[in-house]
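Report on one structure; see the data block that follows.
The values are calculated or read from the model by the stated rules, or taken from the named source; none is laboratory data. No experiment lies behind these values; they were computed from the predicted model shown. Don't worry about glycine lacking a Cβ; one is built from the backbone with ideal geometry, like all the others, and counts go over all protein chains shown. These accessible areas exclude ligands, DNA and RNA; they are computed on the full protein's heavy atoms, side chains included. Shrake-Rupley method; radii C 1.70, N 1.55, O 1.52, S 1.80 Å.
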Amino acid sequence: MDRIATTKLSSKGQVVIPEPIRRRLGLETGTEFVVLGEDGTVVLKVVDPPSMREFDGIVARAREDARRVGLRGSDIVAAIEAVRSA
């Protein structure tokens, strides 16, 4: 019965995730969530940041993609400057 529970929204907009569910999912203080809401449904999804090894792979793929399309470091600097000055 620890898969379904009820809870209430506080006056501060806070929702308590019942203890059996927190325990089962290994949720701890400070766990971050993405919150999706539509048509009377709210979904909380734990944010799982990539490990450093996964992050290194993501960066390597992004660099390769940038090289393939001819993007240079100076293009990125120019884009950042354009956004900051807007």
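Within this structure, Pro50 fails the test of being touching a residue at least 12 places away in the same chain (Cβ under 8 Å) and either open to solvent by less than 90 Å² (accessible area, probe 1.4 Å) or among the β-branched types (Val, Ile, Thr) (or both).
The set of residues from segment 28-74 being under 20 Å from Leu9 (Cβ atoms) and in a loop (DSSP other than H, G, I, E, B) comprises Thr29, Thr31, Glu32, Asp39, Gly40.
What do you reckon, is Glu81 acidic (Asp, Glu) and within 18 Å of the chain's Cα centre (by Cα)? So Glu81 does not fit the description; no.
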